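See structure below.
Just so you know, all these numbers are worked out from the coordinates, no wet-lab data involved. From a predicted model like this one, the values you see are computed outputs, not experimental measurements. Please note: Cβ atoms are built from the backbone with ideal geometry, for glycine as well, and neighbour counts cover all protein chains shown.
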Amino acid sequence: MVKSQGFLAFIILVLSVSSISGQVWYNCILPNQYALTFDDGPHPSQTAQVLDLLLSYNVTATFFFIGVGAWEADYERYQQSGHQIGNHGWSHLDMRDITEAEIRSELSGVETLIYGTIGVRPTIFRPPFGGYNDRLIRIAKDEFNYELIMWNIDTGDWAHPGDTEAGMEEYYAAVNSSLHQNYIALHHDVQGGAVNLAAAAIEFMVGQGFDLVTVSECIGVPMYQ
Ligand SMILES: [Zn+2]
């Protein structure tokens, strides 16, 4: 009995330590927070419209860049508007399937470009395809000091671009289920209909009483390092 209680205490300790270290985040810390995130951008025309939309609602969001996006980003605009930039890997490879050297190259490519442009390094990383394992967590955390960011609403906009209602169904299902008190939502500013879906999502979540936050506010880490 004592032995099993000791084991249980050990398990609880491990669980609480791993959640405190926050290496993989699916949701925010505080209730009523809502982090709207966009992957794979920027898109040549849609991203500017998304940024206009966010400005019109006076809200902030988080953008995970790949190599192409990192090259083409209008950094000044993101910074002036208070949005956050994260690392999504240089060439959008599934990092479970590549070598450690390739992982380092994927991560440092985007980071170096961001650092060379605005003089700061990201604190957050989203693995392409949401694919991660212990090796990737270790490299991202220990070598890059990144928090690994997942989501608890997947709009599926990559599967049905332009279908605002299908994307919103994911919001309705998540919020109605009351499984979570806060949300990190996955969007892609490069997918068709990105602006309409973002507008519908903001309207709905604000109407439900959620506060839009950057991922850094959502998980309580600095925006950059
Ligand atoms: Zn992606």
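Between the residues MET168, VAL195, SER216, the greatest Cα displacement towards the positive end of the dipole of the chain, with unit charges on the Cβ of Lys, Arg, Asp and Glu, is found for SER216.
Based on the Cβ-Cβ distance from SER56 to ASP134, what FRET efficiency comes out when R0 is 45 Å, to the nearest 0.05?
Working: r = 42 Å, r/R0 = 0.94.
The formula returns an efficiency of 0.60 here.
Short to long, the 10 Å bins of the Cα pair-distance histogram for the stretch 99-163 hold 18, 45, 27, 9 percent of all pairs. Say we join alpha carbon atoms closer than 10 Å with springs in a Gaussian network model of the chain; which of SER56, SER108, SER81 then has the biggest fluctuation? Ranking SER56, SER108, SER81 by mean-square fluctuation puts SER56 first. The Cα atoms of the chain cover 62, 43, 30 Å along the three principal axes, with the biggest extent listed first.
Treating only the Cβ of Lys, Arg, Asp and Glu as charged (+1, +1, -1, -1), what charge dipole size does the chain show about its Cα centre? Round to the nearest 20 debye.
On the way: 9 positive and 26 negative charges, 171 e Å.
Value, rounded to 20: 820 debye.
Listed peptides 144-151, 163-170, 185-192 appear in the order 185-192, 144-151, 163-170 once ranked by packing, highest mean of other Cβ atoms within 10 Å at the front. In units of the rule-of-thumb radius 2.2 N^0.38 Å, the stretch 49-112 shows an alpha carbon radius of gyration of 1.30. Bridge orientation summary for the chain: considering DSSP beta bridges with both residues in this region, about 5 percent are antiparallel.
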